[in-house]
Amino acid sequence: MTTTTTRPRSYLVRTMGCQMNVHDSERLAGMLEAAGYVPAATDALAEERARAGDTLAEGADIVVLNTCSVRENAADRLFGNLGQLASIKRGRPGMQIAVGGCLAQHLRDGIVERAPWVDVVFGTHNLDVLPALLDRARHNAAAQVEIEEALKVFPSTLPSKRESAYAAWVSISVGCNNTCTFCIVPTLRGKERDRRPPDVLAEIEAVVAQGAIEVTLLGQNVNSYGVSFGDRGAFAKLLATAGRTPGLERLRFTSPHPAAFTDDVIAAMATTPTVMPQLHMPLQSGSDRILRAMRRSYRSQRFLGILERVRQAIPHAAITTDIIVGFPGETEEDFADTLRVVSEARFASAFTFKYSPRPGTPAADLPDQVPDDVVAERYGRLIELQERISTEENQRQVGTTVDVLVAEGGGRKDGDTARVTGRAADNRLVHVALPAHVGPEEAPRPGDMVRAEVTHGAPFHLLADSGLRGGTFEVRRTRAGDAWQRARDGAHDHGGAAGAGGTVRLGMPRVR
Ligand code: 5AD
Ligand code: SF4
């Protein structure tokens with residue numbers, strides 16, 4: 001790395017958007033560190049403000065924005081952030097700004113045309129070029145824009161700086177071969193590329209060796225995994241094999257597609273104890289007419305049939321979903337179908353989206369866009385229904401014993417009750433009360449497991465306060481907790497970890 005100062009140059013990666021981006025950002029950070037950059041010191045307040053949408057440079061020499069184009073007004077927000085960075089850069093000679101991710105892939109040269117103070121623009125297919133482009137921009141004193149149409153280097157082969165010591169994302173594929181008419185992912189992430197099982201398994205072993213006890217396999221459509229190398233059963237086999245990795249306690253995956261979801265996957269889930277009783281299965285709409293218009297090839301009956309078979313095999317599975325309200329042409333009757341399927345499906349929770357046209361997708365050009373007020377009204381009804389179901393389903397958990405993998409930063413004070421926060425096996429968010437006798441030495445660390453009994457079910461979380469009444473409260477210290485402690489003791493700032501089992505989202509932002 002070329003540098004004009006004696007101190008190492010510092011970097012900050014700001015991530016917008018979905019889990020794919022969060023994962024890509026781990027690679028960006030890893031590559032920058034391999035190239036000799038060091039993380040910029042950020043304080044907790046700055047982290048907080050950044051999560052609220054601000055982009056703070058906080059003394060960084062290099063600021064990388066890993067962008068998302070799924071959110072509405074994404075471009076306006078990006079240029080707003082770049083405007084803030086321009087004034088910081090004016091006061092700090094030598095500072096560099098890089099923009100990557102989906103919006104960069106989409107806007108390309110348009111970014112430096114509108115924001116000429118940007119130094120580097122790179123796309124979703126060529127994360128690996130970032131350090132070289134930074135060098136080149138510095139050397140040539142000119143902006144460098146490099147976008148590839150297809151994936152050159154599988155990001156998983158790049159160095160990585162993982163966000164969490166105890167939970168890791170491992171990507172099994174990137175891109176998507178489907179053509180859902182509302183979705184920008186195929187345009188921006190390209191055709192599906194599958195990693196070979198031995199590479200995936202080796203990465204799982206490596207992250208487990210570093211202390212992770214939970215792994216989430218990532219792909220836009222995990223069920224089509226293997227088609228590209230001629231093995232349609234590859235995903236079920238991968239689950240079963242990965243699930244036997246020594247030291248791995250929890251295996252999750254996201255996202256499946258109802259059209260390609262086959263019973264061998266259900267069987268692998270049911271017979272592999274480390275595969276958690278949880279499934280995120282995007283419904284999108286309960287109307288068969290709308291599903292057809294979305295170019296999603298399953299129908300609502302098939303969808304409900306899958307849920308039934310999953311629940312037969314895994315009775316305590318918590319099933320979650322994605323639903324879009326107000327797809328072009330959606331009538332009141334279509335929407336009633338969505339409400340009906342939602343009532344029958346009894347999702348533990350649902351991510352609900354108002355349809356929003358993405359330029360370049362087929363649905364964006366459809367004539368009968370649904371008026372905003374109609375969408376808003378339907379959206380309200382859907383949320384109300386799902387909240388009622390989520391509350392009922394969560395209340396049904398009262399009295400059950402949950403094993404909670406404690407997450408980072410989740411501890412919250414509730415009156416004089418100290419609680420830690422984490423995810424149950426079925427991925428429900430649980431706040432667990434610490435009994436008064438548990439001192440700081442015995443308290444569970446992020447990455448440790450706590451067993452307690454559920455005492456209350458709210459729409460979006462459970463309380464497990466049994467320990468307060470002398471009931472179940474057991475802490476199991478884990479390798480992951482040890483790894484977390486080592487990381488904390490070894491470094492003062494790791495730049496805000498996401499937390500174990502944090503909500504995993506593909507194609508849509510996790511912060512809304
Ligand atoms: N409008 C609204 N929601 C969308 N999603 C994807 N594209 C759009 C869009 N154009 C939602 C889908 C998908 C989730 C990740 O984001 O529900 O499953
Ligand atoms: Fe692929 Fe999912 Fe987008 Fe459909 S919604 S095109 S399956 S990424």
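Give me log10 I(q)/I(0) at q = 0.08, 0.10 Å⁻¹ for the chain, Debye formula, one equal scatterer per alpha-carbon, no solvent.
-0.51, -0.82
Could you pull out every Cys in the chain that lacks a partner Cys with its beta carbon under 4.7 Å away?
Here Cys18, Cys68, Cys102, Cys176 come out as lacking a disulfide-compatible partner, given the Cβ-Cβ threshold of under 4.7 Å.
Would you work out if segment 136-274 is rounded, prolate or oblate? Take a ≥ b ≥ c from the square roots of the eigenvalues of the alpha-carbon gyration tensor; rounded if a/c is under 1.5, else prolate when a/b is larger than b/c, oblate otherwise.
Oblate.
Taking R0 as 56 Å, what FRET efficiency do you get between Leu385 and Glu205 from their Cβ-Cβ distance, rounded to the nearest 0.05?
0.80
Could you go through segment 171-177 in sequence order and give the Karplus-derived ³J(HN,Hα) for each residue, using 6.51 cos²θ - 1.76 cosθ + 1.60 with θ = phi - 60°, rounded to whole Hz, and x for Gly and Pro?
With coefficients 6.51, -1.76 and 1.60, one gets 8, 9, 7, 10, x, 8, 8 Hz.
Out of the DSSP beta bridges found with both residues in segment 126-278, what percent are antiparallel (nearest 5)?
About 15 percent, rounded to the nearest 5.
List the chymotrypsin sites (Phe, Trp or Tyr not before Pro) within segment 324-398 that DSSP assigns to loop and that have no more than 14 neighbouring Cβ atoms inside 10 Å.
Passing both the DSSP loop test and the Cβ count: no residue.
Any idea what Rg and Dmax come out to for segment 221-373 if you just take the C-alpha atoms, in Å?
17.0, 54
How high is the relative contact order of the chain, in percent, counting Cα pairs under 8 Å that sit 6 or more residues apart?
Relative CO of the chain lands at 13 percent.
Does segment 62-136 classify as rounded, prolate or oblate by the C-alpha gyration tensor (a ≥ b ≥ c root eigenvalues; a/c under 1.5 gives rounded; else a/b over b/c gives prolate, otherwise oblate)?
It comes out oblate by the Cα gyration axes.
Over all directions, the average projected area of the alpha-carbon convex hull for segment 258-330 comes to how many nm²?
If you wrap the Cα atoms of segment 258-330 in a convex hull and average its projections, you get 4.7 nm².
Please report the antiparallel percentage of DSSP beta bridges with both residues in the chain, rounded to the nearest 5.
Antiparallel bridges: around 35 percent, rounded to the nearest 5.
In whole Hz and in residue order, list the ³J(HN,Hα) couplings for segment 434-444 that follow from phi through the Karplus curve 6.51 cos²θ - 1.76 cosθ + 1.60, θ = phi - 60°; x for Gly and Pro.
Per-residue couplings from phi come out as 8, x, 4, 6, 7, x, x, 5, 8, 4, x Hz.
Checking understanding here: applying a Kyte-Doolittle mean of at least 1.6 and a length along the axis of at least 27 Å (C-alpha), which whole DSSP H helices in the chain pass?
none
Picking from Ala433, Phe473, Ala209, whose Cα lies most toward the positive end of the charge dipole for the chain (charges on Cβ: Lys, Arg +1; Asp, Glu -1)?
Ala209
Can you tell me the dipole magnitude for the chain around its Cα centre, using point charges on the Cβ only (Lys, Arg +1; Asp, Glu -1), in Debye to the nearest 20?
With Lys and Arg at +1 and Asp and Glu at -1, about 580 debye.
Normalise the Cα radius of gyration of segment 173-238 by 2.2 N^0.38 Å (N = residues in it) and let me know the number.
Taking the Cα Rg and dividing by 2.2 N^0.38 Å, one obtains 1.24.
I'd like the per residue volume of the convex hull spanned by the Cα atoms of segment 207-272, given in cubic angstrom.
86 Å³
Suppose R0 equals 45 Å. What FRET efficiency, 1/(1 + (r/R0)^6) with r the Cβ-Cβ distance, do Thr472 and Glu113 give to the nearest 0.05?
Efficiency, rounded to the nearest 0.05: 0.15.
Read-outs throughout are calculated quantities, based only on the coordinates presented, and are distinct from any laboratory measurement. Since this is a predicted model, take the numbers as computed values, not measurements. Because the Cβ atoms are built from the backbone with ideal geometry, glycine has one as well, and the counts that use them run over all protein chains shown.
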